[in-house]
Amino acid sequence: MTVTRLQQVIEVHGLKPLQIVREAQRLAAALERPAISRQHFLRCRTGRAAATEDKIYIIVAAMRSLTGLLFRPSDLFDLEPPVGGAQQRTEGVRRSIVSQESGGTDRFESLYTEYGLLLRTIAMRRYHVPPDDAEALVHDIFAAYLERSAYVRDVKGWLIGAIGNASSNYIRKRRPEAQLLPEHEEAVDCGTEERIEGWMRHATITAMLSRLGDKCRETLRRYYLREESKEAIAEHLDTSPAYVLQLLVTCRKRAQEILLSLSRRKE
Amino acid sequence: MKRYDEAKFEEALRDAKTWEAVDALRSRPARLQEALALKERIDSEDAAAARLLSPLLRSPLRFRNAAVAQNPKAQTAGVVRFLCAAANKRHEKRPEFSLELTLCAHEIAQSLGQRFCMALSLRERANALRYLGRFTEALEALDAAEEMFDESPAADPHDVAIVNYIRATVFVEIERLDEACSLSRKAADVFREYGDRPRERAALMSEATSLHFSGRNSEAVRVYVRVVAQARSDGDRMLLAHALNNAATAYIELQEFDEAESSLIEALVIFDELHLATEKARVVWSLALVQVRRGDLADGAVRLDAARRELEGLKLVNDHALATLDWAFARLALGEPAGVVGACERIVVRFESEGMMKSARIALAHLHEALATGSATPSLVSEIRTFLAHLPAHPNAPFIFSAGS
């Protein structure tokens with residue numbers, strides 16, 4: 001009788017199959033994913049049934065949870081079968097696991113880049129904090145946020161409140177002789193709100209442009225910033241001026257779509 | 001669908017600063033790499049904590065037997081954060097267990113020597129103690145927590161505001177109402193500064209409650225109205241209904257019965273939509289009381305009779321007792337005492353301490369005796385009702401009959 005890879009790992013770690021099934025069922029309930037029955041697990045363990053993508057996912061999760069070891073699906077299952085098809089299944093599992101692990105990081109990176117710019121702008125323009133120090137303050141705020149993310153309910157509001165307090169504290173420490181201006185002390189006033197909205201818009205447009213494809217971004221840069229003619233851009237791209245016009249329309253449309261999605265996320 | 005203003009969009013595209021910022025963003029600065037590394041470390045700590053602790057949280061016994069604080073693998077900030085979050089979820093239903101979790105978190109935080117972790121665990125411990133009614137210890141824990149939130153000028157004000165909010169709710173419980181009011185207000189201001197609307201509303205509710213309990217009903221109404229407006233605009237239906245209900249109680253004391261009635265009717269509709277039968281029954285009871293306070297005793301008595309039966313059906317024994325006394329008051333005031341003796345004989349109250357039960361029994365015995373001898377008056381019933389209603393807040397108060405004296 002062939003001993004499956006899953007069975008080998010279970011034996012090496014001295015685990016009980018029932019323990020794994022129970023943990024898998026608990027995780028499945030928590031993650032709202034399909035669970036696995038005791039019988040089905042037995043069949044997978046003994047090689048009498050091939051595990052589906054969902055079953056592999058939940059068994060790997062249960063094994064990670066019970067042992068604290070970061071098992072990969074390929075540590076427990078043969079994921080390179082001779083025929084095609086199953087390869088896609090393996091990829092599906094990998095993608096699913098990778099996307100869960102990296103999703104939070106991606107979101108945090110966007111948060112850092114998009115709001116980081118806004119927070120630096122607030123520190124520099126409203127509180128006159130020098131650029132390097134503003135960047136350090138913003139970094140400290142994100143570090144503080146990471147420790148508190150479980151109970152911060154409105155990220156945007158929290159970050160803006162945090163930069164206000166961090167900047168005021170900076171001014172007090174660096175220039176004890178200088179008094180805070182009324183605009184620093186007032187948490188919310190219409191003028192400040194408007195200014196922050198303006199900076200927010202600027203940060204959103206910047207984030208949008210950084211996400212736009214290279215071709216679109218460079219075409220927009222040439223056309224709007226460098227004020228190159230459509231003929232000059234066409235020559236650079238080795239295409240016709242009519243195509244450049246078409247490209248500009250498409251890129252602006254795409255830009256608007258990204259702006260909308262960014263604004264929705266920030267609201 | 002919202003579109004960006006074309007003119008502003010083009011203006012930004014023509015601005016060199018926009019493009020400088022774009023290039024800076026695309027270069028992934030070193031600080032971003034540092035932040036991502038920190039995030040990765042925190043995520044991995046949190047994941048390890050979840051793996052270690054999730055199976056242990058299924059029962060207090062299992063958790064206790066695991067001696068988590070002594071486990072070398074548990075000596076991480078992630079474990080402290082996880083335990084505090086787990087405690088926070090359990091305060092309402094299992095405060096004893098949540099206290100145990102926070103004690104373990106604090107022990108680990110102390111051995112790590114991290115002030116933020118210590119502060120976090122002390123704050124959560126205070127929360128657990130508050131739910132357990134151990135108010136002096138809760139205040140001590142809050143004082144210690146506040147001192148330790150001193151490492152991040154950016155985040156400390158928000159962290160301390162949460163401490164102040166918890167402290168204010170403790171002060172309401174122990175009737176240090178002026179302090180509760182000013183602390184709630186202070187906390188609400190900070191929450192507003194940090195865009196934390198749910199906590200701001202909670203702090204406003206605490207401020208309104210402390211004003212209300214101090215008898216400053218006009219001021220209480222003003223704050224409740226602010227909470228109502230915020231809850232309405234944020235779509236927080238549960239809080240909206242509670243704020244309307246509380247505002248109605250303050251309106252009743254101000255004898256503004258039309259306002260009270262309209263607030264109660266709106267609260268009733270929302271509680272009905274939310275399928276909160278007990279809250280709905282209490283609002284029906286309040287509407288009947290408005291009727292009585294308006295002087296419409298006959299109609300009020302009919303409504304109170306229906307309300308008290310509904311409360312009895314829902315097994316809300318103390319509410320049923322108070323509603324029955326309200327009904328008895330109306331019947332005696334109408335000069336129609338039929339049925340009052342029987343209804344009052346069926347009154348049952350339930351309090352946690354034996355001392356409170358004893359006081360309640362003495363008060364009720366006084367009522368039964370007066371009803372049996374035909375000497376019961378509406379003012380006696382009203383006095384006993386007030387005594388029973390205030391007993392949880394004044395557990396050591398003896399019943400002293402003063403009506404007619």
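We did not get these values from a lab; they are worked out from the coordinates using the rules stated. Given the structure is predicted, the values throughout are model-derived calculations rather than measurements. As a convention, Cβ positions derive from the backbone with ideal geometry for all residues, glycine included, and neighbour counts pool all protein chains shown.
Using r as the Cβ-Cβ distance of residue B:136 and residue A:169, and R0 as 35 Å, what FRET efficiency do you calculate, to the nearest 0.05?
Working: r = 33 Å, r/R0 = 0.95.
Plugging the Cβ-Cβ distance into 1/(1 + (r/R0)^6) gives 0.60.
Just to be sure I follow the definition: excluding the sites themselves, where is the longest run in chain B that has none of the trypsin sites (Lys or Arg not before Pro) in a DSSP loop with at most 13 other Cβ atoms within 10 Å? Walk me through the numbers on the way to the answer.
Numbers: sites that count: B:2, B:3, B:93, B:315, B:346, B:350.
For trypsin sites (Lys or Arg not before Pro) (loop position, at most 13 other Cβ atoms within 10 Å), the longest site-free span of chain B is B:94-314.
Roughly how many debye, to the nearest 20, is the charge dipole of the protein assembly as shown about its Cα centre, given +1 on each Lys and Arg Cβ, -1 on each Asp and Glu Cβ, and no other charges? Can you show the working numbers first?
Details: 93 positive and 96 negative charges, 514 e Å.
The dipole magnitude comes to about 2480 debye.
Can you give the angle from 0 to 90° between the axis of helix B:354-373 and the longest principal axis of chain B, with both taken from C-alpha atoms, to the nearest 10?
The helix B:354-373 is inclined about 20 degrees to chain B.
Say the dipole of the stretch B:45-151 comes from +1 at the beta carbon of Lys and Arg and -1 at that of Asp and Glu; which of B:148, B:69, B:112 then lies farthest toward its positive end?
B:69
Order of B:348, B:170 from fewest to most other C-beta atoms within 10 Å?
Working: B:348 12, B:170 23.
Fewest-to-most ranking of B:348, B:170: B:348, B:170.
If you put +1 on each Lys and Arg Cβ and -1 on each Asp and Glu Cβ, how big is the dipole of the stretch B:45-151 around its Cα centre, in Debye rounded to 20?
On the way: 15 positive and 14 negative charges, 147 e Å.
For this selection, approximately 700 debye.
Do any GluC sites (Glu not before Pro) in the stretch B:153-208 lie in a loop, going by DSSP, with at most 15 other beta-carbon atoms within 10 Å of their beta carbon, and if so which? Write out the running numbers ahead of the final one.
Details: sites: B:173, B:175, B:179, B:193, B:200, B:207; in loops: B:175.
In loop regions of the stretch B:153-208 (DSSP not H, G, I, E or B), the sparsely surrounded GluC sites (Glu not before Pro) are B:175.
Does the stretch B:299-405 come out rounded, prolate or oblate, given a ≥ b ≥ c as the square roots of the eigenvalues of its C-alpha gyration tensor, rounded meaning a/c under 1.5 and, failing that, prolate meaning a/b above b/c? All intermediate terms of the calculation are to be shown ahead of the outcome.
On the way: a/c = 1.88, a/b = 1.18, b/c = 1.60.
Verdict is oblate for the stretch B:299-405.
Kindly provide the trypsin sites (Lys or Arg not before Pro) of the stretch A:204-243 that DSSP labels as loop, not H, G, I, E or B, and whose Cβ sees at most 16 other Cβ atoms within 10 Å. Write down the numbers at each step before the final one.
On the way: sites: A:211, A:215, A:217, A:221, A:222, A:226, A:230; in loops: A:226.
Those that pass, being in a loop and sparsely packed, are A:226.
Report the number of Lys pairs in the stretch B:1-127 whose alpha-carbons are under 26 Å apart, with separation of 8 or more residues or on distinct chains.
Numbers: B:2/B:17; B:8/B:17; B:39/B:73; B:39/B:89; B:73/B:89.
For the stretch B:1-127, the number of qualifying lysine pairs is 5.
Using the alpha-carbon atoms, what tilt in degrees (0 to 90, nearest 10) does helix B:77-90 show relative to the longest principal axis of chain B?
Tilt relative to chain B: about 20 degrees.
Under the Karplus relation 6.51 cos²θ - 1.76 cosθ + 1.60, θ = phi - 60°, what is the ordered set of whole-Hz ³J(HN,Hα) values for the stretch B:119-127, x standing for Gly and Pro?
With coefficients 6.51, -1.76 and 1.60, one gets 4, 4, 5, 5, 5, 5, 5, 4, 4 Hz.
Can you compute the modelled spin-label distance between residue B:254 and residue B:7, with each label point 7 Å from Cα toward Cβ, in nm?
Here the answer is 4.6 nm between the modelled labels.
Testing the spin-label approximation: label points 7 Å from Cα along Cα→Cβ at residue B:262 and residue B:150. State their distance in nm.
Placing both labels 7 Å beyond Cα along the Cβ direction yields 5.2 nm.
Could you run the Karplus curve 6.51 cos²θ - 1.76 cosθ + 1.60 with θ = phi - 60° over the stretch B:239-246 and give me ³J(HN,Hα) per residue in whole Hz, x for Gly and Pro?
Once rounded to whole Hz, the list reads 5, 4, 5, 5, 5, 4, 4, 5.
What ranking do B:269, B:160 get, fewest neighbouring Cβ atoms within 10 angstrom at the top?
On the way: B:269 14, B:160 22.
By the 10 Å Cβ count, ascending, the order reads B:269, B:160.
So for the stretch A:5-79, considering every pair of alpha-carbon atoms, how many percent are separated by more than 18 Å? Intermediate values should be presented prior to the final figure.
Values: 749 of 2775 pairs.
Looking at the stretch A:5-79, the distances longer than 18 Å represent 27 percent of pairs.
Give me the angle, in degrees from 0 to 90, between the Cα long axis of helix B:277-294 and the longest principal axis of the Cα atoms of chain B, rounded to the nearest 10.
So the inclination is approximately 50 degrees.
Can you tell me the dipole magnitude for chain B around its Cα centre, using point charges on the Cβ only (Lys, Arg +1; Asp, Glu -1), in Debye to the nearest 20?
Working: 52 positive and 60 negative charges, 241 e Å.
Taking the Cα centre of chain B as origin, the dipole is about 1160 debye.
Which of B:388, B:304, B:334 ends up with the largest GNM mean-square fluctuation for chain B, with Cα atoms connected below 10 Å?
Its mean-square fluctuation being the largest, the pick is B:334.
Counting other beta carbons within 10 Å of each Cβ, put B:20, B:354 in order, fewest first. Working shown, then result.
Values: B:20 11, B:354 8.
Result, fewest neighbours first: B:354, B:20.
Just want the answer: with Cβ charges of +1 for Lys and Arg and -1 for Asp and Glu, which residue in B:42, B:376, B:194 is farthest toward the dipole's positive end in chain B?
Checking the options against the dipole of chain B, the answer is B:42.
Counting other Cβ atoms within 10 Å, which GluC sites (Glu not before Pro) in the stretch A:5-51 have at most 16 and lie in a DSSP loop?
Values: sites: A:11, A:23, A:32; in loops: A:32.
When the GluC sites (Glu not before Pro) of the stretch A:5-51 are filtered for loop state and at most 16 Cβ neighbours within 10 Å, A:32 remain.
What percent do you get for the relative contact order of chain B when only Cα pairs under 8 Å and 6+ apart count? Display every interim value, and only then the final one.
Numbers: 481 pairs, mean separation 24.8, N = 405.
With pairs under 8 Å counted, the relative contact order is 6 percent.
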